[in-house]
Structures are given as structure tokens and as C-alpha cells.
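One structure is given below, encoded as C-alpha cells.
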Amino acid sequence: MQTFDVVIIGAGAAGLFCAGVAGQLGLKVLLIDHSDKVAEKIRISGGGRCNFTNRDIDVREPHKHFISANPKFCRSALSRYTPAHFIALLDKHGVPYHEKHKGQLFCDRSALDVINVLLAECETGQVTRWQPCAVQSIQFLASEPFGKSPSSYQIESDRGSVKSAAVVVATGGLPVPKIGATDFGLRVAKQFGLKLINPRPALVPLTFDAQHWAPFAQLAGLSLPVDIATGGKKDGMHFVEDLLFTHRGLSGPGVLQISSYWQNGTPIRLNLAPQKEVAEQLMQAKQSSRKKVSNELASLLPTRLADAWVQQSAPSPSEQGQAERPINEWSDKALQQLGERLNRWELTPTGTEGYAKAEVMAGGVDTAELSSQTMESRQDGLYFIGEVVDVTGWLGGYNFQWAWASGYACAQAMAAKLVSP
């Protein structure tokens, strides 16, 4: 039976990074993943360019950009390993990158650059990597004290039995099962009696009842900047980002952002022309124009949206012809209602596209069960890092930064505990 100081389960962003840091700090590390491919989620992220961090993270107030039952839990790790630290790592390896939007940093060439950096760091740390290799069971050997001897846990795997002083669960969340996502990390937490925050898809497109969405399904592929909000005055959130119409509902950065805050059965509010008071401009146009209302709206909105909006805004089938009349023949009330609805469109999603299309999982291992300094759980020598923890970032590199920061905090803590001075 082989022995290691640390067994890290999950060769994604958090697991790979933690393994490299831990190995370079003097720990004997085994990294295991059930997939034959390494870091698939990194590879497909950011359109294949990997939005690896965000310069705008405010480590003094991380709850601004992260969702959790205890948003301040992530402050310790994020303040000790910042975007500047990861940027410096990429600089060291000569990886070119650029800022695209609102602090979001992407690789110039390919997400493979980030994967290769992480693999190189693991090689420098002499990390042993077993892929593909499934873990069948994890057993805590309570009879043997945790400490300098690497024998507190026994892991049964496809490649045999392994003993280690510490186990790190870095298996990610439930999104994108087609690239290997499973509930393994959640099951390990349950095995050791750790509480979970109910997991749910986050950063995910929203869907609507097919019959009610029919007037807008024809707009699939149309994108425009909007102000999108959900919740009340005290707990509400809003974003000014692009929205994308789909055949089944809404997507795009703004919708993905708000989906993390949206509660089932509650409405979202959209301002489709956030810089304009549409009703006011329509009333002004009525004084001098004989154009159709849809033509006037097309100066404020994409033409396809203007046409569809006017058609579906008629109060009844008998008044559908109103859409073809010039604006000066519309009543003030009808123009007012049409414009106000564009600026204050309230609609209730029936659901989301689920884990198949979600970027991340919200919820996971309850942070009340973990040390914010070390990521160690109440179960001695068992650590959780990355997406499996109840810390979910905004769209735009925040979740990768949490992977790097939580992995770093974990590696530092294990080295302090296990490496002889």
C-alpha cells in the first residue's frame, strides 16, 4: 500500500492548483480524478479562452461578488491569494492575456495555457497524478492519530489502496455532467456528517412557459444591453449587462448573473432601454411623426424587438391592426403603456436550463463546517475547496479566483501541519 501526505480528489482548477502549491511546499501529494481528461471545465470556459480571474475583486468586501450563506467566509482566502498573485504566475510562465470587460481577464491564445501552467506547477512539486482513477471509498482510521504519520485515511481506488494524513475534496459541483461532473464531493461531506446548503444551478439561463413565450421565441439570437433585477428593496439585486433571447427563454451575461439570486416562483424585472424613457420619447414623436410605432421604436431598440413588441402589445386580437397604424393615430394611453412596459417589464420564469447549461453550482458544503483560514472541516484532516463549497462567484472570473484562493489556503495549512520544521 502506498502512502502520501495528501490525497487530493479532483483534477480541476482548485485541485490542480492546490496540488502544485502543496507539492512545492514539501508535501508528498497524490492527485486523483475519475476522468481521463484533465481540467475539462477550464478547457471549455470563456469560449475556450478561460476567464481566469477578475481584477475588480474587492477583498475587503467579498460579499459584493460572492454568494453564500456566509458571504464573508471567503474573505480570508481571497485576501491572501489575490488576482495579482495568479497574474504573476501566468507572467512567470509567459502566458499572454487581455482584459475584455469589467475586469475580466482572458488568455490571448487558449485555455490550454492555464491548464499547462497548472500541470507544470504540479510537475515542479513532484505531484503524483492518477487519471483515470475512480475512488471507491474513503475511510478515516480513527485508531491512528492524525499528525506527522501519513496514515489517518485509507482510500480505495481503481489503482489500489492508499493511506494519507489528509484528504482534499476538490471535485467541483453538479454542472455540465457530460464532462464528468458528479455529486461525489457532496456524498463525502454527508459521509462524515457535514451539513450541506441545498445545491442548485447558478449562472444559468432562465426558461418560461412555452405558450406565453411564443411571441418572443422568434427573437432567439437577439442580444441587447438591459438593466435586470430581482428581489425586493432590501434583498434585491440588479445588473446592467447584455441579455440574449433564446427559443425557451432568456440567457446572456445579465440573465446568468441574476439567475444566482433569482428564487423560484418570483419575478424578474427588465428595463429593455435602460438609458431612455421610452414612453416620453414616443409621446414626443407623436407630435411630428407619421411613422409606424415599430419604426419609431427601432431608433431605440433592435428592429426585431421593436416589431415583436408592438405586435404583442395590442390589448386584444381585434386591435392587432393598431400596430400598423402611424404613431399619431395611437392613443396617449396606449403609447404610455407600451413605453412603460419596455422600461419596466416584469415576468416570472418557470425554471432554468438546469445543470446541463449552468456554469456553476450554488450551495454545497456549509461554510459553518469549515475553517475560513485553512478550508479544513470539523472532520480532522478532511478539506474542501473550490466549487463544492457554498461559495459562488459572479460571472466573470470570480469563481476561478475562488478556486485558486481556496486551494492556496488549503495547501498552506496542510504544509504548516504536516511538514517537519
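Some points to look at:
- Taken over region 120-131, the criterion of being open to solvent by 30 Å² or more (accessible area, probe 1.4 Å) and either within 12 Å of residue 46 (Cβ to Cβ) or touching a helix residue (DSSP H, G or I) at 6+ places or on another chain (Cβ under 7 Å) (or both) is satisfied by 124, 126, 129.
- Scan region 8-40 for residues that are over 26 Å from the mean Cα position of the chain (by Cα), open to solvent by 20 Å² or more (accessible area, probe 1.4 Å) and either closer than 12 Å to residue 172 by Cβ or not basic (Lys, Arg) (or both) and the total you get is 3.
- Picking from residues in region 4-60 that are among the acidic types (Asp, Glu) and touching a residue at least 12 places away in the same chain (Cβ under 8 Å), the one that is nearest to residue 413 (Cα to Cα) is 5.
- Conditions (1) open to solvent by 20 Å² or more (accessible area, probe 1.4 Å); (2) under 16 Å from residue 9 (Cα atoms); number of the one not met by residue 241: (2)
- Residue tally, condition more than 18 Å from the chain's Cα centre (by Cα) and buried (at least 20 other Cβ atoms within 10 Å of the Cβ), over region 339-367: 3
- Verdict on residue 196 being touching a residue at least 24 places away in the same chain (Cβ under 8 Å) and open to solvent by less than 40 Å² (accessible area, probe 1.4 Å): no
- Close pairs (7 angstrom Cβ cut-off, 6 or more residues apart or separate chains): in contact (Cβ under 8 Å) with a residue 60 or more places away in the chain in region 153-172, crowded, with 20+ Cβ neighbours inside 10 Å and of a type in the set (D, E, K, R) anywhere: 164/5; 165/5; 166/5; 172/41; 172/387
- From the options 93, 85, residue that is in contact (Cβ under 8 Å) with a residue 24 or more places away in the chain and touching an Asp or Glu at 6+ places or on another chain (Cβ under 9 Å): 93
- Among (1) under 21 Å from the mean Cα position of the chain (by Cα); (2) more than 23 Å from residue 355 (Cβ to Cβ); (3) surrounded by 22 or more Cβ atoms within 10 Å (Cβ to Cβ) - the single one residue 272 does not satisfy: (1)
- Residue match in region 390-397 (condition: closer than 18 Å to residue 168 by Cβ and open to solvent by 20 Å² or more (accessible area, probe 1.4 Å)): no
- None of 256, 243 is outside any loop (DSSP other than H, G, I, E, B) and touching a residue at least 60 places away in the same chain (Cβ under 8 Å) except 256.
- Residue in region 74-85 that is within 22 Å of residue 259 (Cα to Cα) and buried (at least 20 other Cβ atoms within 10 Å of the Cβ) present: yes
- Residues of region 95-119 satisfying the condition of being part of a helix (DSSP H, G or I), open to solvent by 30 Å² or more (accessible area, probe 1.4 Å) and under 19 Å from residue 47 (Cα atoms): 112, 116
- If you go through region 3-48 and pick out every residue that is in a loop (DSSP other than H, G, I, E, B), in contact with a strand residue (DSSP E or B) (Cβ under 7 Å, 6 or more places away or on another chain) and at pLDDT below 95, you end up with 0.
The values are calculated or read from the model by the stated rules, or taken from the named source; none is laboratory data. All values reported here derive from a predicted model rather than from experimental measurement. Note: ideal-geometry Cβ built from the backbone for every residue, glycine included; neighbour counts use all protein chains shown. For the accessible areas, the whole protein counts, side chains as well, though only heavy atoms, and no ligand, DNA or RNA atoms are used. Shrake-Rupley method; radii C 1.70, N 1.55, O 1.52, S 1.80 Å.
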